[in-house]
1. In this structure, does residue 140 turn out to be at pLDDT 95 or above and on the phi < 0 side of the Ramachandran plot?
2. Of all residues in the range 35-46 being assigned to a loop (DSSP other than H, G, I, E, B) and either out of contact with any helix residue (DSSP H, G or I) (no Cβ under 8 Å at 6 or more places or on another chain) or not assigned by TED's automatic domain parsing to the domain that holds residue 151 (or both), which is surrounded by the most Cβ atoms within 10 Å (Cβ to Cβ)?
3. Is it the case that residue 264 is closer than 22 Å to residue 216 by Cβ, buried (at least 19 other Cβ atoms within 10 Å of the Cβ) and in contact with a strand residue (DSSP E or B) (Cβ under 9 Å, 6 or more places away or on another chain)?
4. Of 56, 68, 116, which residue is crowded, with 17+ Cβ neighbours inside 10 Å, within 28 Å of residue 159 (Cα to Cα) and over 19 Å from the mean Cα position of the chain (by Cα)?
5. Tell me which residues, restricted to the range 294-331, are out of contact with any strand residue (DSSP E or B) (no Cβ under 8 Å at 6 or more places or on another chain) and over 30 Å from residue 146 (Cα atoms).
6. Report those strands (runs of 3 or more DSSP E) wholly inside the range 47-148 carrying at least 2 residues which are under 25 Å from residue 368 (Cα atoms) and touching a residue at least 60 places away in the same chain (Cβ under 8 Å).
7. If a residue has to be in contact with a strand residue (DSSP E or B) (Cβ under 6 Å, 6 or more places away or on another chain), in contact (Cβ under 8 Å) with a residue 40 or more places away in the chain and not in a helix (DSSP H, G or I) to count, how many in the range 272-291 make the cut?
């Protein structure tokens, strides 16, 4: 398991040893296939916080709707954040979390940015481990299915004043998931229009907050109207490539200096530091077979490389989809065709296999955390 690197919590955290479990009497919810985020397990984790009392004891209880005050500032001002990670059932029937401490640390970064209370990352991880353990029977034995885990932290301050909240709720729900994209979808097409911006310097693009996603819906539906499945987010006058949909993006090409290179935009404050992104960088750097860089990329560079035949592949990466190859980009009225390699020769296929072998326990690794 990844070692924590965050500073110690400046206020007393909740403790996993104080966790209370109230079990549901409902039958186990089992589904081999389902649309992403629509089928939930029977239990959830809730932890309340109050500025005067601090964190209350963690509670695992039956899944239920949340009672929220109509003036709750998370509803009016978006004072909230979330995370996303998965549990995988291996052939040995054990459930594994993939680098979960990175998600806990990123959640703390988002909490500080949102002026929400912080906590000990290891304590939340242990509470999540217990929640997964309680609902483990609902996860099928399949290398195409997993358990999606959604930790969420919201302000429950019952006031319309724009201020640092004095009340908050941390909760975790879990959903059974299969493939993120439709099984019939192979390489995806992207719509790139510079009139929309996902994030900007000094904003919250590097944090996992709901406002970063809700504001993308208009562009996403416009992409669909133009026959594309996802949005390629551009930034600045030079149309820098930042992210694709809700994913980080990678370009595998022969660069301007004639070197084989795997490149992805740098963490400059507008890019979400994805766990899969980091894992791909670390994995391919271990191979030592080609140059692996984090550097700015723009559409002019990509267009030039495509015309010169230097592009090998583009693909997105993320927890939900893992690896998603790109076939085409619709940019300023032009259809940019991305080369399609045989799957056996695709870099993305090799990365996908090595990562999923780790996640499902086929390859031993300290990147996994046993439930």
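The values are calculated or read from the model by the stated rules, or taken from the named source; none is laboratory data. Note that this is a predicted model, so its numbers are computed, not measured. For neighbour counting, all protein chains shown are included, and Cβ atoms are generated from backbone atoms with ideal geometry for every residue, glycine included.
1. Numbers: at pLDDT 95 or above: no; on the phi < 0 side of the Ramachandran plot: yes.
In short, no.
2. Here is the first cut: in the range 35-46, the residues assigned to a loop (DSSP other than H, G, I, E, B) are 35-39, 41-42.
The next check asks that each one be either out of contact with any helix residue (DSSP H, G or I) (no Cβ under 8 Å at 6 or more places or on another chain) or not assigned by TED's automatic domain parsing to the domain that holds residue 151 (or both); those that pass are 35-39.
On the way: 35: 12, 36: 15, 37: 15, 38: 10, 39: 18.
Taking the candidates together, the pick is 39.
3. Values: closer than 22 Å to residue 216 by Cβ: yes; buried (at least 19 other Cβ atoms within 10 Å of the Cβ): yes; in contact with a strand residue (DSSP E or B) (Cβ under 9 Å, 6 or more places away or on another chain): yes.
The answer is yes for residue 264.
4. Working: 56 fails: crowded, with 17+ Cβ neighbours inside 10 Å; 68 fails: crowded, with 17+ Cβ neighbours inside 10 Å.
Being crowded, with 17+ Cβ neighbours inside 10 Å, within 28 Å of residue 159 (Cα to Cα) and over 19 Å from the mean Cα position of the chain (by Cα) holds for just one of 56, 68, 116, which is 116.
5. 300, 301, 304, 307, 308, 309
6. On the way: elements: 59-62, 80-82, 85-89, 95-98.
Result: 80-82, 85-89, 95-98.
7. Of the residues in that region, 1 qualify.
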